[in-house]
Amino acid sequence: MDEGIEAVNEVSPWEIQPITNDDIVFRQVPVSQRETFREKKIPLESHFALRPGEDELSFNLDGIIDVPKNFKLIGITHSRKGAFLDCATFKIFKFPVVFLKTLGKFEKIIHTPKFDGAPSPLGRPNNKSHSSLYCGEFNDGTRAQLRDYCKYNDCECPIDINSIKQEIAELIERHTDTPYHNYWEFDD
Amino acid sequence: MKTLDTPENYRQSQICNPNLIKDYDGYFPEISRYHERDPIGFKFKFSKRVEEKIEPSFISVELLDKIYSVPSVLFDLVDEINDSKYILTLEDDWDNMGAIPISAELYESAINFLLMYAIYIYKDDNKTVIQSPEINPCCNGSIDFSWSTSGARMLINVKKKGEEFMATFYGYHNSNKLPFEGFIDMKNIDKNKASWMKELRQ
């Protein structure tokens with residue numbers, strides 16, 4: 001999910017899963033740690049803006065991933081500068097696909113798993129749940145609709161970060177010997 | 001807000017509120033709490049002359065190497081602008097996910113545009129004060145102004161296109177929810193859009 005995976009050359013071993021109206025997708029957004037006296041309700045419209053060169057917004061498909069796994073995936077991913085991301089600086093929001101299809105500029109949402117080898121490079125785990133939302137250029141109206149949906153619905157997926165910190169530390173110690181860097185075969 | 005714990009504070013609060021001054025035509029019961037011994041002494045009436053002397057005061061906002069003078073009633077907007085100055089310090093990859101920095105020229109141009117419309121609406125529409133928007137940086141190097149008021153919803157995005165800065169917007173009035181979107185002139189006031197934006201008042 002926008003997390004620095006720039007090129008995926010390996011052939012994905014995973015079948016593309018159809019995404020239906022009943023499905024839920026997760027969107028992870030970085031939250032500024034800047035101290036401010038003016039409170040802002042996250043997510044902001046800016047969390048749904050495309051980066052230069054992008055034409056789709058990344059989500060993760062519920063069912064293949066869950067909220068704790070999504071946070072762990074963040075925690076074992078490198079930033080562009082090469083450091084592991086701090087998952088405490090992210091929030092995750094859930095969106096029903098049936099809502100996304102009501103967006104004015106909605107084009108399609110498709111399952112687009114990211115596979116970069118088994119194992120994939122350190123800091124660049126595979127993502128079997130990755131999905132792509134296409135809504136043109138994600139103009140102001142689309143971004144406002146996405147934010148407002150979160151504002152008026154219970155979309156945030158809270159988690160006790162401390163409960164998974166130890167597990168993330170263990171995953172990092174394992175380097176690329178983790179399910180995330182391979183075929184996403186989890187014991188649980 | 002200043003408490004009305006003394007007669008002097010109370011009197012000052014009335015002087016700062018022209019509407020109350022116009023409406024005043026008699027005795028304020030609240031005052032008597034502080035002057036029970038001699039309430040008659042406060043049965044004053046403001047004259048027209050006092051009302052005319054009331055001038056809007058101004059506050060300044062410093063932006064890069066410029067200082068803007070803003071009617072003091074827009075203090076909340078100035079607060080938000082001051083709070084947003086951190087945007088100028090954002091470096092490459094400021095969100096750890098590849099965001100590009102916001103240029104000082106874009107920031108200055110965007111704030112100038114925001115002040116221009118807020119001041120115009122204040123002056124043109126009987127001192128209407130619009131709510132201050134959230135000012136947020138975007139990962140693509142643009143800036144968002146976001147309003148959500150009891151009257152309207154609006155999002156303005158200021159970005160660079162070629163060598164020019166441009167602003168796009170989306171919004172609706174809560175009374176009819178009809179979407180309104182397009183471009184806004186950043187250099188000159190678009191009176192139609194400024195009129196539409198009056199629904200962003202506090």
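Numbers below:
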quantity: Exposure of residue B:119 as accessible area (Å², to 10), given a probe of 1.4 Å and all protein chains; calculated: 30
quantity: Interface area, A with B, accessible, probe 1.4 Å, both sides summed, Å² nearest 100; calculated: 2600
quantity: Inter-centroid distance (Cα atoms) of region B:158-192 relative to region A:111-175, Å; calculated: 31
quantity: With all protein chains modelled, accessible area of residue A:167 [1.4 Å, Å²]; calculated: 80
quantity: Label-point separation in nm, residue A:108 to residue A:173, each point 7 Å along Cα→Cβ; calculated: 4.5
quantity: Where region A:119-188 is the region considered: accessible area per residue in Å², 1.4 Å probe; calculated: 50
quantity: Free-standing Cys, chain A [no other Cys Cβ under 4.7 Å]; calculated: A:87, A:135, A:157
quantity: Residues in region B:118-162 that, when all protein chains are in place, have 30 Å² or more less accessible area than the chain alone would give (probe 1.4 Å); calculated: B:134, B:136, B:139, B:140, B:144, B:148, B:153, B:155
quantity: Sites residue B:89 and residue B:201 - FRET efficiency at Förster radius 25 Å, r taken between beta-carbons, to 0.05; calculated: 0.20
quantity: Solvent-accessible ranking of A:73, A:122, largest area first, probe 1.4 Å; calculated: A:122, A:73
quantity: Rounded to the nearest 10 Å², the accessible area of residue B:181 at probe 1.4 Å; calculated: 100
quantity: For residues of A:52-62, the mean tally of beta carbons on other chains within 10 Å; calculated: 1
quantity: Inter-chain Cβ neighbour average for residues B:189-195, partner chain, 10 Å; calculated: 0
quantity: Prolate/oblate/rounded call for region A:109-188, Cα gyration tensor, a/c under 1.5 rounded; calculated: oblate
quantity: Accessible surface of region A:24-179 [probe 1.4 Å, protein heavy atoms]: carbon and sulfur percent; calculated: 48
quantity: For chain A: rounded, prolate or oblate by the Cα gyration tensor [a/c cutoff 1.5]; calculated: oblate
quantity: Length-normalised contact order for chain A - Cα pairs under 8 Å, 6+ apart - percent; calculated: 30
quantity: At least 40 Å² of accessible area lost relative to the chain alone, listed for region B:165-183 with a 1.4 Å probe; calculated: B:170
quantity: Residue among A:100, A:141, A:153 farthest towards the positive dipole end of region A:71-188, charges placed on Cβ; calculated: A:141
quantity: Overall form of region A:116-159 per C-alpha gyration tensor (a/c, 1.5; a/b vs b/c); calculated: oblate
quantity: Cβ-Cβ FRET estimate between residue A:98 and residue A:160, R0 fixed at 30 Å, reported to 0.05; calculated: 0.55
quantity: Alpha-carbon centroids, region B:124-141 and region A:46-100: separation in whole Å; calculated: 29
quantity: FRET E, pair residue A:187, residue A:20, Förster distance 25 Å, beta-carbon r, rounded to 0.05; calculated: 0.35
quantity: Selection of chymotrypsin sites (Phe, Trp or Tyr not before Pro), region A:106-156, meeting DSSP coil and at most 16 other Cβ within 10 Å; calculated: A:106
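The values are calculated or read from the model by the stated rules, or taken from the named source; none is laboratory data. What you see is a predicted model; the values in this text were computed from it and never measured. Neighbour counts run over all protein chains shown; Cβ positions are idealised from the backbone, glycine included. These accessible areas exclude ligands, DNA and RNA; they are computed on the full protein's heavy atoms, side chains included. Shrake-Rupley method; radii C 1.70, N 1.55, O 1.52, S 1.80 Å.
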